[in-house]
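See below for the structure under consideration.
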Amino acid sequence: MEKRSQDDSYRHVLKYTGVFGGVQGLKIFVSLLRNKLTAKLLGEAGMGLNKRFINVSEVINAWTNFGISFYAVQRISEIFEEGTEDDMRRFVGVIRTWSVWSALLGGLLCFFLASWLNDYYFPVGEEHRMEIMFLSLFVASLPIEAVECALLKGLRRLRTVAVIEVLSALSTFLFTIPLYFLWGMSGIVASLVLCGWAAALIHLYFSVQIYRYRVRLFSRSVIREGWPLIRIGIPYVLAGVAGAMAAGEVFKYLGDDKVIGLYSVGYGLMVTYAGMIFKAVETDFFPRLSSVNHDPVRLNHAINQQIDVCVLLIAPVMIAFALFMPQIISLLYDSRFLPAVSMALCAVFYMFFKAITTPIAYTSLAKADSWLYLIMECIYDVAFVVVVCFGYSRMGLTGTGIALSLLALFDLLMIGFVYGLYYKFRMRMKTFMLIIPQACLLATTVAVCLFASTWVKFGVGATCLVLSMLFSWRLLSPELPIVQKIKKRLGMKD
């Protein structure tokens, strides 16, 4: 019975990683097409400026979102498992009311602090005050979208979330490219505003079919009921602020918008495929982990299973990215972004280590240990600013790639040690033995891509890619839903 339960759970991980991986694949295809056109229309400086505006919005949103969406997923999952329909309806009303207050506060704060934000986040001589004031509309859309998405995740409407991801990606493409074509860099903020509200309205379209939209902005009982949620969310707010400000400090140190554009491309390439895996982690794994957070054995088992899947899926793609990095950048962006190749190569291990760290790191969120989460995040953010800036000062963009990989290793060791003490997390030997060969194959590929001749690079790299794919396929294929369906049709047993 236990073995069957574990197998079903393992297939569940693959099933929803596949669902969201496929959706993210379509989303990424649309995003890459958008990035290609954006790179042509805006260039490195435009990509960097876009990143600065996004960072400003993230800082303001981090200060004003109250951490509602983090706690909402966990609490809705608990009510979904054990509560009543009345409990759910009331809680949905509470989080929606607070999300509206969060949207108003964030928008107003961005609007009235536009002068200070312009002086702090942009180089001397650049004037973006009016654009930041307009950006307040984008900031206001973020908490609305986040809470509606949290509602759907907590209710396990994962296929609905997958559909929303596709629609949001398509709307983003339709809004950004025409504006960039007509207005160039002057259209960046307008595209953010339109895309932000399009995503929020798409989420609302689906969520209000489940629970009618109702807020009570001046109800004392609703405001009072939300205060415990806010208290729990304070550490998440502070963690979000620390992360957004850390990114802002790095951008300030890099200085030039062209450098930021190249850094963003190198960083973005490394998180593109990983976003497929981590989206599945966030969407399916977090609610599942929340539902077993009081059972140490099931908790540990779920984390190890998720690490297995993440590593086996991400390793072959990271090897392929490393092997064909120059061609990928030229194809997906523009030849002007080729200076980001060495940085992206050196940052490959950032995502590999993140594939191991992320499932473990969700434990504190699932257990609502928000202060421990805050401490871990702040330590990482301080290290992020120091190490990335130091790497850039010594070796330019390549140094930032090395710094990102070292940071991810540091984060893995820190999270593994602390959560091992605090939650008794233990990585099982099977999981460890999955990680080692994939790590060796990835390290070999990166080494030949950096230092070997073209023929050696493709000879050794292609061999490593084939071995990695075969290793992952051998372990994952018996559990893939499509393989199970074929076996069933053929009358084969597991």
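The values are calculated or read from the model by the stated rules, or taken from the named source; none is laboratory data. These numbers were taken from a predicted model, which means no experiment stands behind them. Every residue, glycine among them, receives a Cβ derived from its backbone with ideal geometry; neighbour counts consider all protein chains shown.
Overview of results
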{"item": "Leu312 being at pLDDT 85 or above, buried (at least 19 other Cβ atoms within 10 Å of the Cβ), of a type in the set (A, V, I, L, M, F, W, C) and in contact with a Lys or Arg (Cβ under 8 Å, 6 or more places away or on another chain)", "result": "no"}
{"item": "Meets criteria (in a helix (DSSP H, G or I) and either farther than 15 Å from Gly48 by Cα or touching a strand residue (DSSP E or B) at 6+ places or on another chain (Cβ under 9 Å) (or both)) for Val237", "result": "yes"}
{"item": "Selection status of Ala247, over 16 Å from Ala347 (Cβ atoms) and either among the hydrophobic types (A, V, I, L, M, F, W, C) or modelled with pLDDT under 85 (or both)", "result": "no"}
{"item": "Residue that is farthest from the chain's Cα centre (by Cα) [pool: residues in the range 300-335 that are part of a helix (DSSP H, G or I) and of a type in the set (Ser, Thr, Tyr)]", "result": "Ser335"}
{"item": "Verdict on Ala72 being over 30 Å from Leu238 (Cβ atoms), modelled with pLDDT of 50 or more and small (Gly, Ala, Ser)", "result": "no"}
{"item": "Some residue of the range 120-135 being hydrophobic (A, V, I, L, M, F, W, C) and over 22 Å from Leu192 (Cβ atoms)", "result": "yes"}
{"item": "Qualifying helices (runs of 4 or more DSSP H) (wholly inside the range 114-229; at least 1 residues being of a type in the set (S, T, N, Q) and farther than 30 Å from Lys258 by Cα)", "result": "158-183, 188-207"}
{"item": "Residue satisfying condition, being surrounded by fewer than 18 Cβ atoms within 10 Å (Cβ to Cβ), more than 18 Å from the chain's Cα centre (by Cα) and in contact (Cβ under 8 Å) with a residue 24 or more places away in the chain, within set Leu137, Leu155, Leu104", "result": "Leu104"}
{"item": "Pairs, first hydrophobic (A, V, I, L, M, F, W, C) in the range 111-123, second assigned to a loop (DSSP other than H, G, I, E, B), C-beta under 7 Å, six or more apart", "result": "Phe122/His128"}
{"item": "Out of Phe432, Phe417, Phe425, sole residue that is in a loop (DSSP other than H, G, I, E, B) and either over 21 Å from Cys346 (Cβ atoms) or modelled with pLDDT under 95 (or both)", "result": "Phe425"}
{"item": "Boolean, Ala340 is closer than 14 Å to Ala408 by Cβ and assigned to a helix (DSSP H, G or I)", "result": "no"}
{"item": "Yes/no for Gly240 being surrounded by fewer than 21 Cβ atoms within 10 Å (Cβ to Cβ), over 27 Å from Ser330 (Cα atoms) and not hydrophobic (A, V, I, L, M, F, W, C)", "result": "no"}
{"item": "Residues (surrounded by fewer than 24 Cβ atoms within 10 Å (Cβ to Cβ) and closer than 23 Å to Ser141 by Cα) located in the range 76-93", "result": "Arg89, Arg90, Phe91, Gly93"}
